[in-house]
Each structure stands twice: as structure tokens, then as C-alpha cells.
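Trainee: I'd like to ask some things about the structure below.
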Amino acid sequence: MKDPGQLIVLTGPSGVGKGTLIQRLLQDCPELYLAISATTRSPREGEVDGEHYYFLTPAQFQSQIEQKQLLEWAEYAGNYYGTLREPVMQRISHGQQVILEIELVGARQIREKVPDAFQIFVSPPSLGDLETRIRSRGQDSEDAITHRLNQAKIELAAAHEFDFQLVNDDLESALQTLKTKVLSL
Ligand code: 5GP
């Protein structure tokens, strides 16, 4: 029988560049699988249902919780986000490495439920740098930006809980560090 694969959690404040890092990592390591989360937030421009997220209504999300289909879930900025248990556990049992890109509350739930998951925290070089990145995306209202920055402070204070901390200062060198780490697991 094949050895079970590894679950890898990548957490870090919104806007820190987790998405770009993961997309580049997947290009270089196509054997990795990035789990597709469920969310109740509306799709942003260009986001495709079933590819970026499964976009659910609050009632559909609630039903996923009740049917115990979610490995973890959390509320973030007024919306719900969660990891679908089945596709993740199936791939792990087939020996694949699976990455979850999730926020802090969910990462803590995974720590309880899957203690041998490897948890990575991505930090910005500074809070000021993070604010510049969030603003330059141009996707959020002023209220949402304030919320994301307050949330970022809470998440940064928890960075020490993680197995590995990565500062996304220079994308290429952060990517190299991440790749080396993931391939060593
Ligand atoms: P966004 O709305 O910018 O796509 O995501 C907002 C936050 O939700 C990000 O920090 C992202 O990592 C997190 N997130 C995305 N999917 C999940 C999930 O399945 N579970 C949890 N707990 N957080 C998620």
C-alpha cells in the first residue's frame, strides 16, 4: 500500500501573496494538489465556480457543516470559508501532497484534527508593505481594507504557532525557500 501523503497548510494575512506563491509552486510541482475551498462570498471578477472556489449560498454552506463534509471552516470578513473533507482525505490516502490555503482559525482546527499536517505561515516584510499590496489590488472597499488590516495584525501575532515561517519580501527567493521546504517533507 502507498504511504499516506502529507497535508500542508499555508496561512498568512490576506494580501501577503499566498495565492501567487502557490500558483508558482504548483507550476513547478504539478504533483501537488491545491484544495478548492467552499465559500459564501461572491465571486470576484474572473473567478470561476469549481476552480477558484465552490461558491455556495449560506444555506448550502450550513448544510455542508451539518453533514460533516468540512474538515475545517471559519467566518472571515462576514463570509464563511471551509475545506471539503472528501477530496482532500482521498488524495492524502493515495499518497499525494495536498495544500490548503486557509486563514488562522481554520489552521488551528487542522492542527487539532490532523496533527501531522505541516503548517507554514507567510508574513509580509511589514504591515505598511501589506497595506500597499492590498490597496494596489483595488478589489476592496475602504471598510474591507480596514478589516483586512486588523485581521492581519491578529494573524501576524500567531505566526509563532506555525512549523515554518516565510517572509514574502522578494517573490523569487520566497518561492525558492517554499519549494525547498515542501519538497523536503
Ligand atoms: P479571499 O476572500 O481573499 O479569497 O480569502 C479570504 C481569506 O479566507 C484568506 O485568508 C484565505 O486564505 C481564507 N480561506 C480561503 N479558503 C479557506 C478555507 O477553506 N478555510 C478557511 N478557514 N479559510 C479559507
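Trainee: Can you pull out every residue in the stretch 141-182 that is among the basic types (Lys, Arg), more than 14 Å from Leu10 (Cα to Cα) and open to solvent by less than 80 Å² (accessible area, probe 1.4 Å)?
Mentor: Listed by number, the list holds a single entry, Arg148.
Trainee: When you go through (1) within 10 Å of the ligand (Cβ to nearest atom); (2) of a type outside the set (A, V, I, L, M, F, W, C); (3) open to solvent by 20 Å² or more (accessible area, probe 1.4 Å) one by one for Thr39, which number turns out not to apply?
Mentor: The one condition Thr39 does not meet is (3).
Trainee: Any residue that is within 14 Å of the ligand (Cβ to nearest atom), among the aromatic types (Phe, Trp, Tyr), touching a helix residue (DSSP H, G or I) at 6+ places or on another chain (Cβ under 6 Å) and open to solvent by 40 Å² or more (accessible area, probe 1.4 Å) - is there at least one of those in the stretch 72-89?
Mentor: yes
Trainee: I need the full set of residues from the stretch 5-50 which are among the polar types (S, T, N, Q) and assigned to a loop (DSSP other than H, G, I, E, B), in order please.
Mentor: Passing the criteria: Gln6, Ser14, Ser37, Thr40, Ser42.
Trainee: With the stretch 78-139 as the region, which helices (runs of 4 or more DSSP H) entirely inside it contain at least 2 residues that are among the β-branched types (Val, Ile, Thr) and more than 13 Å from Val9 (Cα to Cα)?
Mentor: In the stretch 78-139, 127-137 are the helices (runs of 4 or more DSSP H) which contain 2 or more residues that are among the β-branched types (Val, Ile, Thr) and more than 13 Å from Val9 (Cα to Cα).
The values are calculated or read from the model by the stated rules, or taken from the named source; none is laboratory data. No experiment lies behind these values; they were computed from the predicted model shown. Because the Cβ atoms are built from the backbone with ideal geometry, glycine has one as well, and the counts that use them run over all protein chains shown. Accessible surface is based on the protein model in full, side chains and every heavy atom, while ligands, DNA and RNA are left aside. Shrake-Rupley method; radii C 1.70, N 1.55, O 1.52, S 1.80 Å.
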